[in-house]
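Working notes, structure below.
Computed from the coordinates by the stated procedures, all read-outs in this text should not be read as laboratory data. Note that the coordinates shown come from a computational prediction; the quantities given were computed from them, not determined experimentally. Cβ placement follows ideal geometry from the backbone for every residue including glycine, while neighbour counts extend to all protein chains displayed.
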Amino acid sequence: MEWVSLSQVSAGGDPISVADLKEFLNYEDTDKDSLISALSSSARAYAEKRTRRALLTQTWTGSFREIPCNSEIWLPRPRIVSVESVKYYDSDNAEQTLATSKYHVVTGDGGRVRITEWPSAHSTRPDSHQINWTSGYGASGSDVPEDIIVAMKMLVNFWFEERIGDTRGATFAGKDVEIPTPVRVLLDQYKVPIERT
């Protein structure tokens with residue numbers, strides 16, 4: 001099954017505070033707080049992209065047309081917390097919500113939806129079916145596995161140390177510098193396979 005559209009409806013935020021990062025960086029001044037906060041957001045985005053996971057609680061919506069042959073839809077960005085709704089466009093192109101009695105939800109790392117009774121949907125819409133769900137380890141940074149937190153701190157430290165001043169005095173992380181191996185190794189333990197059966 002191929003997702004026609006996949007979008008994050010609400011962001012979970014960063015699991016590490018600027019204060020925690022400054023302690024890790026051994027940096028006490030406040031002049032780099034905005035930079036550290038930006039690097040933290042970049043590290044979180046990198047961690048989520050590399051692992052294909054949601055860290056803090058966030059909501060997603062995805063649309064598809066083709067019905068999978070086994071009636072199971074694997075949901076991206078685990079851990080899956082809940083499925084809020086399964087919707088579809090009927091033959092009159094009106095949006096309908098599928099009754100919860102017609103599908104089962106598996107949460108956690110193997111999060112998926114199994115439809116027990118497919119409705120008759122619009123035949124030409126590429127987004128004729130839609131699922132809305134919540135993902136993430138929890139609402140707090142303490143809910144995220146420690147290895148991911150450590151990898152993010154190491155990445156922020158790396159970017160902080162490797163920043164380069166440009167002619168205007170701004171700072172940025174070196175674009176051509178490879179992500180350190182320890183960061184990749186820690187995150188790869190949590191990487192979700194692209195193909196799931």
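Need the list of lysines near K102 for cross-linking: C-alpha distance under 30 angstrom, and skip anything on the same chain fewer than eight residues off.
Straight-line reach from K102, under 30 Å: K87.
Quick one: net charge around T30, please, counting Lys, Arg +1 and Asp, Glu -1 for every other residue with C-beta under 14 Å from its C-beta. Walk me through the numbers before you get to the answer.
Values: positive: K22, K32; negative: E23, E28, D29, D31, D33.
Computed value for this residue: -3.
Read through the labelled values (1) 40, 17, 15; (2) 29, 21, 13; (3) 24, 20, 16 and report the label of the one computed as semi-axes √(5λ) of the Cα gyration tensor in Å from the structure.
(1)
What does the charge count near W60 come to, summing +1 for each Lys or Arg and -1 for each Asp or Glu among other residues with Cβ under 13 Å from its Cβ? Mind showing how you got there, number by number?
Details: positive: R52, R53, R77, R79; negative: E48, E84.
Overall, the nearby charge balance is +2.
Which residues' amide hydrogens lie under 5 Å from the amide hydrogen of G111, considering only partners 5 or more residues apart or on another chain, with H built in the peptide plane?
HN-HN under 5 Å from G111: I80.
Output the relative contact order of the chain, whole-number percent, from Cα pairs under 8 angstrom with separation of 6+ residues.
That works out to 27 percent.
What's the longest piece of the chain with no exposed GluC sites (Glu not before Pro), counting a site as exposed if DSSP puts it in a loop and it has at most 14 other beta carbons within 10 Å?
Values: sites that count: E2, E28, E66, E117, E178, E195.
Answer from the scan: 118-177.
A 23 angstrom limit on the alpha carbon distance is what I want to check against. Which of K49/K153; K32/K191; K32/K153 exceed it? Walk me through the numbers before you get to the answer.
Working: K49/K153 16 Å; K32/K191 31 Å; K32/K153 16 Å.
K32/K191, as the Cα separations exceed 23 Å there.
Please report the net charge: other residues with Cβ closer than 14 Å to the Cβ of R50, K and R +1, D and E -1.
Working: positive: R44, K49, R52, R53, R77, R184, K191; negative: E48, D147, E178, D188.
Neighbourhood net charge equals +3.
Which whole-percent values make up P(r) of the range 1-100 when all C-alpha to C-alpha distances are grouped in 5 Å steps starting at zero?
Binned Cα distances yield the sequence 2, 10, 16, 17, 14, 11, 8, 7, 6, 4, 3, 1, 0.
Under 5 Å between amide hydrogens, which residues at least 5 positions from G138 or on another chain qualify, with H placed 1.01 Å from N in the peptide plane?
T57
Only sites in a loop by DSSP and with at most 16 other Cβ atoms within 10 Å count here; which chymotrypsin sites (Phe, Trp or Tyr not before Pro) in the range 1-100 make the cut?
Working: sites: W3, F24, Y27, Y46, W60, F64, W74, Y88, Y89; in loops: Y27.
Listed in order of number, the matching sites are Y27.
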